[in-house]
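Colleague: Take a look at the following structure, please.
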Amino acid sequence: MEVVLSKLRNYFSLVGIAGVVIALDQWTKYLVRLGLEEGASWSPYDWLMPYARIIHWTNTGAAFGLFKSGGLVITVIAILVSLAILYYFPRIPSAQVALRLAMAMQLGGAMGNLIDRLIHGTVTDFISVGSFPVFNVADACISIGVAILVAAMWIEERRERSKEVEEHATIQSNAGVGVPEGERLTE
């Protein structure tokens with residue numbers, strides 16, 4: 001029974017975070033589709049327009065307008081990534097919070113854009129900063145999730161290496177390696 005409750009808690013956190021991402025993504029896209037005609041842009045201040053603006057843009061490709069003709073392939077990839085996250089998420093130790101957060105953000109982002117593809121046939125993008133490609137909340141969450149994932153994996157790898165070095169030094173110290181004859185531990 002405890003195992004079942006643990007798995008339910010795991011999935012509850014995953015679905016909770018991903019659900020917030022999906023809701024925020026879909027709400028912001030809805031507001032853009034409702035308030036701006038496609039191709040139109042808006043900024044609260046004229047002087048800000050060259051640097052940051054909201055622009056109603058549609059995208060048939062991947063994040064940031066990449067692979068414009070790959071809509072079907074990207075849809076299949078989004079489904080496969082989502083299924084992989086659902087499969088692997090409960091296998092991640094609960095102490096690895098950053099890794100869990102990264103996966104939840106990626107799931108929410110993938111599902112947010114997948115919903116657009118399935119309902120509208122394209123993804124609504126609207127955040128435009130400088131000359132950077134136009135993106136949306138889902139794209140941002142996927143990118144931030146990947147950055148957190150890479151950072152968490154790097155930190156974990158460094159932690160493991162440090163632990164191995166420490167264990168190796170302890171073994172050498174206990175074996176008397178590099179210790180003068182009179183100071184070695186005896187059994």
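None of the figures in this text is laboratory data; all of them are computed from the coordinates on show. Source: prediction; values computed, not measured. When we count neighbours, we look across all protein chains shown, and the Cβ atoms used for this are built from the backbone with ideal geometry, even at glycine.
Colleague: Go through segment 145-156 residue by residue and turn each phi into a ³J(HN,Hα) via Karplus (6.51, -1.76, 1.60, θ = phi - 60°); whole Hz please, and just put x for glycine and proline.
Modeller: Computed from phi, the couplings for segment 145-156 are x, 5, 4, 5, 4, 4, 4, 5, 5, 5, 4, 5 Hz.
Colleague: For Arg159 and Ala98, calculate 0.36 nm times their separation in residues minus their Cα-Cα distance, and state this gained length in nm to one decimal.
Modeller: Result: 20.5 nm gained on full extension.
Colleague: Got a sec? How would Trp154, Trp47, Trp42 order by Cβ neighbour count within 10 Å, fewest to most? Walk me through the numbers before you get to the answer.
Modeller: Numbers: Trp154 10, Trp47 7, Trp42 13.
Lowest count first: Trp47, Trp154, Trp42.
Colleague: Kirkwood Rh, Cα Rg: Rg to Rh for the chain?
Modeller: My calculation puts Rg/Rh at 1.22.
Colleague: Pairing the Cα long axis of helix 97-120 with the longest principal axis of the chain, what angle in degrees results, from 0 to 90 and rounded to the nearest 10?
Modeller: Long axis of 97-120 versus the principal axis of the chain: about 20 degrees.
Colleague: So how much slack lies between Leu5 and Leu72, counting 0.36 nm per residue of separation and subtracting their Cα-Cα distance, in nm?
Modeller: Between Leu5 and Leu72, full extension yields an extra 20.4 nm.
Colleague: While we're here: Which order results if Leu107, Leu114, Leu34 are arranged by neighbouring Cβ count within 10 Å, fewest first?
Modeller: Leu34, Leu114, Leu107
Colleague: Can you sort Trp57, Trp27 by how many other beta carbons sit within 10 Å, fewest first?
Modeller: Sorted ascending by nearby Cβ count, the order is Trp27, Trp57.
Colleague: Considering only C-alpha atoms, what is the centroid distance from segment 1-39 to segment 102-170, in Å?
Modeller: Distance between centres, Cα-based: 15 Å.
Colleague: What dipole magnitude, in Debye to the nearest 20, does the chain give about its Cα centre under +1 on Lys/Arg Cβ and -1 on Asp/Glu Cβ?
Modeller: 580 debye
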